[in-house]
Amino acid sequence: MTIASAFLDSFPFMSQHIGLLLHQTVNHLELSGAAIGIACVIAMPLGLLLGHWHRGGFLVINLANVGRALPTLAVIALLLVVVGIGFTNIVIALVVLAIPPILTHTYVGIDRADRDAVEAARGMGMRELAILLRVELPLALPLVFAGLRTSAVFVISTAPLAALAGGEGLGVIIVNEPSYRLSGIIAATYWVAALAVLAELGAALLQRTLTPAPLRRQHTREQTRPDDASDVALAVMRGAAP
Amino acid sequence: MSGLQRLAGGQPVIPNFGQAPSCDTHNGTFCWGWFSSHVHSLFLPALLQHIELTVIAVTIGFAISFVFAVFTYRTRMLDSPVTLLNGILYAIPAIALFQILVPLTGLGILTIEIALVAYTLLVLFRSMVTGLRSVPPDVLESAQGMGLTTRQIFVKIELPFAVPAIVAGLRVAVVTTISLATIAAFVTDKGLGMPIFDAMQRGNFKTEFIAAASLAVALALVMDGLLVVLQRVLAPWIAADTQQRDRTPFTTRLRRLAVSDAR
Amino acid sequence: MTNPHISHSAAEIVFDRATKRYPGRPQAAVSELSLTIPAGEICVLVGPSGGGKTTAMKMVNRLISISEGDITIDGTSVRSLDLTELRRGIGYVIQQVGLFPHMSVGANVATVPKLLGWKKSRIRDRVVELLELVGLTADDADRYPTQLSGGQRQRVGLARALAADPPLMLMDEPFGAIDPITRSRLQDEFLRLHREVGKTVIFVTHDIDEAIKMGSRIAILAEGGVLAQYDTPEQILAHPASDFVERFVGADRGLKRLALRRAGDVELAAVPAGSFAGPRCTTTTTLRDALSLMLTDGAREALVLDEFELPLGVLTLDCVSGLLRAEVAA
């Protein structure tokens, strides 16, 4: 089968296997959603608190670097030894993948939130939690969301590895060439890519809704010229996915 | 046999180890005997192949990205198309890309390298452009005012400013490539992914999983560590920044450096 | 313009041997600072950098903790008050203003009233009232900080600090980042505002001219937060307590004193008959400016006009230099 015909056949494949594709899309989203959700629950409070205290920047950056350096397939292999095959295994591996961008972006966003505004808030007698949630968090939202979006794309496009460890999702089609042929792989790949792009767009839309009006342009400005090392690190991190 | 063929081969087979020690036959957590008898025949070659795959991919990726990045920095073109391409390529699962390339470029190293280089390009491109753009306008203006030529400005000012970002990008590119290269073994028997798929085919043979995965993790951490050392050598001012002590803005320190360099 | 809703509440502030030490540093940042600021006065803390003036100010709202000694507001120790209650009762203005960039001007000004749980209608009225008080309009409430000029931002900062009608305001180089012309106008407006609201103000600056202009009293702090002199501007210029103070206020302290007196305050010569060729000034012109006018024109006298632009009398160069001599001698 030539590559061209495989690309052409991928569209009939979609109509013939629509039930399978939809079923595995649901599984794919369930898996990715669980991983991103758990990563948020772990990384966001940590990033918020450390950023607010301006402590642990060294720890955060190194934790993120180590997390990013772990090859996902190797993590899955190690987890096969520890927890065996299935949902738990792949969720843990994807959480490991999702934490670094969320953690660093949240930390840097809060740590760098306008220090003068924070001092003014403290001087006016705002409590620490109010300063964090009502001054620092709104200012950090563009960065927090950038981290979330990066993680979402990583996780959705890496989730097909689940099929290697007895998990479900669109990977079930992608790793089974003998059953679904190249056209099936290509069809499933379109779907995964579409999910990742949709997740990115959805997060961008949510970000726009949540970001206070005057801050909506800040993010683009930040990307044109970085102001310090953390900007550079974040810009680079955004361009990396397994 | 590639991982693809192994997985497609139907029933996972617990290998018949003959008079193998009971650890092997009972799939014990880690069988030293089996490991030490396979270091030279399996793990060392796989590790070397993995390093080779990574170094080739990152070197080619670096050279291509550099050309594109300098062009983009000078002309301000290519920026948004590349960023868009970036988003789309990263949305494609690597395990699918490797398979889709097979009919085009075969089951050899070429297929693996094309995919690996593609994934490094965008990280490196982005970091280079970001780095070059981190030169503050006033520094460029004063350099022009001092009579430096465009070439001198590039070598003495723009490149040093870009070094931290480029090294940061290199770190990401290297660890990402190491990670993706394990998946490459799904289509071609190369690198540390090969024993991982082999272990899956043997009915999840734990010793092989632990040995191969640990080597892959260790390789990524060691390479990342080496690049940190490289970063400290090329851009010593970055170390102070991550330690949080020195609150002097990063650009201020770079500016000092650039000014002293221009003298 | 009077604002019946703005009370004239003001508090007396007492620094009682207030000291700040940082661990690992031999020298204190502020050493046994004792001074009393009467209610309703503007006390300017001034001195070279490293003089601990900002540290001393921040000990009042405990953004910096007090190591030894105490500070009281109307007899109540700041250490005995709940941190948030203390801070909500003190207006706080900093050089960088620190407006919340994600909130409108109105929401910025309403911050403390909201924290205090005021009713919405009361907050809305208060915001409009304050914006007008600081020279902005009610329409500005819907704008965002990024849309304002530096001077406008500092006006909003001032309105925000005044929002809950605190008896005490802390101002940390509030006009330091503003261009000289706008700064001078804001200084004048703040003095007018202060006459209207009558708060006690602690004002930090490194600029002796600003200190002389703004202060009812000036505290000069030397290296290590040691109080070098605490007195009215006139007394400090006329009787510097030490060489350090004399150097700090500058060799032109005689001229600076002239800046404290106005043409309307001195005895004027009679208006000569016929036309007057020399420069003209008003009763509110400072003697320093009048002197400058005369020297620039090469004239020996200047005509002083009253508020209806009618000639009141003539200020002579001899009269001014006589005052200058008397002051230097004193």
Averaged per residue, what accessible surface does chain A expose to a 1.4 Å probe, in Å²?
38 Å²
CD proxy, 222 nm, chain C: helix-only mean residue ellipticity via -39,500 (n - 2.57) per DSSP H run with n ≥ 4, per residue, nearest 500, stands at -10000 deg cm²/dmol
Let me know the whole percent of all Cα-Cα pairs from the range C:104-218 that are separated by more than 19 Å.
45 percent
Filtered hits (aspartates and glutamates, Cα-Cα < 12 Å from B:LYS206, offset >= 8 within chain) -> B:ASP24, B:ASP198
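Can you flag which of C:LYS58/C:LYS120; C:LYS58/C:LYS114; C:LYS53/C:LYS114 are past 28 Å Cα-Cα? Walk me through the numbers on the way to the answer.
On the way: C:LYS58/C:LYS120 31 Å; C:LYS58/C:LYS114 23 Å; C:LYS53/C:LYS114 31 Å.
Result: C:LYS58/C:LYS120; C:LYS53/C:LYS114 exceed 28 Å.
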In vacuo Debye sum over C-alpha of chain C, base-10 log of normalised intensity I(q)/I(0) at q = 0.10, 0.11, 0.12 Å⁻¹, listed in q order, is -0.67, -0.80, -0.92
Calculate the all-directions average of the projected area of the range B:58-115's alpha-carbon convex hull, and give it in nm².
4.6 nm²
Go from 0 up to the bin containing the longest alpha carbon distance in the range A:3-237, width 5 Å each, and give me the % of pairs per bin.
1, 7, 13, 16, 16, 14, 11, 9, 7, 4, 2, 1, 0, 0
Straight-line reach from B:LYS156: which aspartates and glutamates have Cα under 17 Å away, leaving out those fewer than 8 places along the same chain?
B:ASP138, B:GLU141, B:ASP261
HN-Hα J couplings of the range C:68-78 from phi, Karplus 6.51/-1.76/1.60, θ = phi - 60°, integer Hz, Gly and Pro as x?
9, x, 8, 10, 10, 10, 6, x, 9, 5, 5
So, taking all protein chains as they sit and a 1.4 Å probe, how much accessible area belongs to B:LEU234, in Å² rounded to tens?
90 Å²
Computed lengthening from C:TYR22 to C:ALA269, 0.36 nm per intervening residue step minus Cα-Cα distance:
83.0 nm
Residue with peak Gaussian network fluctuation, chain C [Cα springs, cutoff 10 Å], from C:LYS256, C:LYS213, C:LYS119:
C:LYS119
Express in whole angstrom the spacing between the alpha-carbon centres of the range C:24-49 and the range A:29-55.
45 Å
Using a 1.4 Å probe and ignoring any ligands, DNA or RNA, find the accessible area of C:THR111 and quote it in Å² to the nearest 10.
10 Å²
Please compute the average number of Cβ atoms from other chains found within 10 Å of each residue's Cβ in peptide B:178-185.
5
One would report the antiparallel percent of DSSP beta bridges in the protein assembly as shown, rounded to the nearest 5, as 50 percent
For the range C:258-329, share of DSSP beta bridges that run antiparallel, in % to the nearest 5:
70 percent
Summed for both chains, how many Å² of accessible area, to the nearest 100, are buried between C and A with a 1.4 Å probe?
1900 Å²
I'd like to check one number: the per residue accessible area of chain C, probe 1.4 Å, reported in Å² as a whole number.
45 Å²
Protection proxy ranking, peptides B:168-177, C:240-249, average beta carbon neighbours within 10 Å, highest first
B:168-177, C:240-249
Tell me, what % of the accessible area of the range A:3-237 is carbon and sulfur with a 1.4 angstrom probe?
68 percent
Principal-axis tilt of helix A:137-158 within chain A, Cα atoms, nearest 10 degrees
20 degrees
Translational diffusion of the range B:52-152, µm² s⁻¹ [Kirkwood Rh, Cα pairs; Stokes-Einstein; 25 °C; 0.890 mPa s]
158 µm²/s
Rounded to the nearest 100 Å², what is the sum over both chains of accessible area buried where A meets B, with a probe of 1.4 Å?
4700 Å²
Could you order C:GLU307, C:GLU32 by accessible surface area, starting with the largest, using a probe radius of 1.4 Å?
C:GLU307, C:GLU32
So what's the angle, to the nearest 10 degrees on a 0 to 90 scale, between helix C:150-162 and the longest Cα principal axis of chain C?
60 degrees
Report the FRET efficiency, 1/(1 + (r/R0)^6), for B:VAL39 and B:LEU226, where r is their Cβ-Cβ distance and R0 is 25 Å, rounded to 0.05.
0.65
Counting DSSP beta bridges with both ends in chain C, the antiparallel % (nearest 5):
50 percent
Once the other residues with Cβ under 11 Å from the Cβ of C:PHE100 are scored (Lys, Arg +1; Asp, Glu -1), what is the net sum?
-1
Structure-based [θ]222 nm, chain A - -39500 (n - 2.57) summed over DSSP H runs of at least 4, per residue, nearest 500
-25500 deg cm²/dmol
Starting from the Cα gyration tensor of the protein assembly as shown, multiply each eigenvalue by 5, take the square root, and state the resulting semi-axes largest first in whole Å.
70, 27, 26
Restricting things to alpha carbons, find the Rg to Rh ratio for the range C:105-165 using the Kirkwood radius for Rh.
0.94
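The values are calculated or read from the model by the stated rules, or taken from the named source; none is laboratory data. The structure presented is a predicted model; accordingly, all values stated were derived computationally and were not measured. Methodologically, a virtual Cβ is constructed for each residue, glycine included, from the backbone with ideal geometry; neighbour enumeration extends over all protein chains shown. Surface accessibility is based on the protein's heavy atoms, side chains included, excluding ligands, DNA and RNA. Shrake-Rupley method; radii C 1.70, N 1.55, O 1.52, S 1.80 Å.
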